[in-house]
1. Being out of contact with any strand residue (DSSP E or B) (no Cβ under 6 Å at 6 or more places or on another chain), in contact (Cβ under 8 Å) with a residue 40 or more places away in the chain, in a helix (DSSP H, G or I) and closer than 16 Å to residue 282 by Cα is the filter here, so list the residues in segment 311-329 that pass it.
2. Enumerate the pairs (first residue in segment 48-71 and touching a residue at least 12 places away in the same chain (Cβ under 8 Å) and on the phi > 0 side of the Ramachandran plot; second residue anywhere and crowded, with 19+ Cβ neighbours inside 10 Å and part of a helix (DSSP H, G or I)) with beta-carbon separation below 8 Å, excluding pairs fewer than 6 apart on the same chain, so at least 6 apart or on different chains.
3. For segment 258-268, which residues satisfy the criterion of being surrounded by 17 or more Cβ atoms within 10 Å (Cβ to Cβ) and either assigned to a helix (DSSP H, G or I) or touching a helix residue (DSSP H, G or I) at 6+ places or on another chain (Cβ under 7 Å) (or both)?
4. Can you pull out the residues in segment 35-58 that are surrounded by fewer than 16 Cβ atoms within 10 Å (Cβ to Cβ) and either farther than 19 Å from residue 117 by Cα or touching a helix residue (DSSP H, G or I) at 6+ places or on another chain (Cβ under 9 Å) (or both)?
5. Quick test for you: out of 144, 132, pick the one residue that is within 16 Å of residue 187 (Cβ to Cβ), touching a helix residue (DSSP H, G or I) at 6+ places or on another chain (Cβ under 9 Å) and without any contact (Cβ under 8 Å) to a residue 40 or more places away in the chain.
6. Looking at the structure I just gave you, is residue 285 within 12 Å of residue 227 (Cβ to Cβ), within 16 Å of the chain's Cα centre (by Cα) and crowded, with 21+ Cβ neighbours inside 10 Å?
7. Please count how many residues of segment 162-187 are within 14 Å of the chain's Cα centre (by Cα) and buried (at least 19 other Cβ atoms within 10 Å of the Cβ).
8. Being farther than 18 Å from residue 21 by Cα, over 20 Å from the mean Cα position of the chain (by Cα) and surrounded by 15 or more Cβ atoms within 10 Å (Cβ to Cβ): is that true of residue 112 here?
């Protein structure tokens, strides 16, 4: 695997990052350990979690993922691992996370409470990359960035980043950091994949010019890019299958956003391309994400060792200019398949 810098910081990571959001819900602790061990043995040094995990967010599950990752972390040399976690965004917006009395916010009080809890659960005295899970544009950035800078100065975190951020929010945060002489968001963890190329429209240019690194999540389109939803399949124990069968209105909308005629049409053609190249479809999609100059590391997850083994070759695969052109031709047919 290649190594890349997080923004303009001193931290360099493998360009594949192991995501953990199913540990404690879809995965047991033992399964999580097995997946993490295999990723570590494969050379991955970057691991991402969050105080809100696992998904789907439930009061009875919240914090479990960090607890599992923390136990595993004690089995490894801490200095050999770059650890990322997140503080939940504000509760008064699109979603109220089931933590801190359902009143989470990105103010100093909640950021302090969040970092204290995460450090305890992760059984470490610092987090390498600490991210805001989603923004609160009405609150502004002054207090949030001040609180994060204080944590950085105290050595509790090394650098910080954003997630689910917009072009406006990214530029506004950088402006506030400069004007108030605060630390800045070095990374942005957003949804980016072959079936969701919206990041390229404006955020990619911001990342290049401002030296902010993209950390794509859902690089397999929430599992759609594995092909498991094609041919009329509604696989058992898959996230969007559950949403489609028994999810609420918001979950139904999310499922149809990912699983629709445009996305499945894109995946059908990509599947044929992967066959021509004699590679797995997940490996093809991960390699495509890695080969963008604004990307530092691609965050992917696995709910089994079998899935992980399919994914890992994506960390070594180099796509030719001809293959990249074929992918562009496919995605041009189904522009913006994720509504």
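Just so it is clear, none of the values below were taken in a lab; they were calculated from the coordinates. What you are looking at is a predicted structure, and each value in this text was computed from that prediction instead of being measured. A quick note on method: Cβ atoms are made from the backbone with ideal geometry, for glycine too, and the neighbour counts reach across all protein chains shown.
1. Of everything in segment 311-329, those that are out of contact with any strand residue (DSSP E or B) (no Cβ under 6 Å at 6 or more places or on another chain), in contact (Cβ under 8 Å) with a residue 40 or more places away in the chain, in a helix (DSSP H, G or I) and closer than 16 Å to residue 282 by Cα turn out to be 312, 314, 323, 327.
2. 63/121
3. So the first thing to find is which residues in segment 258-268 are surrounded by 17 or more Cβ atoms within 10 Å (Cβ to Cβ), and the list is 258-260, 263-264, 266-267.
If the condition is that a residue be surrounded by 17 or more Cβ atoms within 10 Å (Cβ to Cβ) and either assigned to a helix (DSSP H, G or I) or touching a helix residue (DSSP H, G or I) at 6+ places or on another chain (Cβ under 7 Å) (or both), then 258, 259, 263, 264, 266, 267 are the ones that fit.
4. Scanning segment 35-58 gives 37, 41, 43, 56.
5. 144
6. Working: within 12 Å of residue 227 (Cβ to Cβ): yes; within 16 Å of the chain's Cα centre (by Cα): yes; crowded, with 21+ Cβ neighbours inside 10 Å: yes.
For residue 285, the condition - within 12 Å of residue 227 (Cβ to Cβ), within 16 Å of the chain's Cα centre (by Cα) and crowded, with 21+ Cβ neighbours inside 10 Å - is met.
7. Total meeting the criteria: 4.
8. In short, yes.
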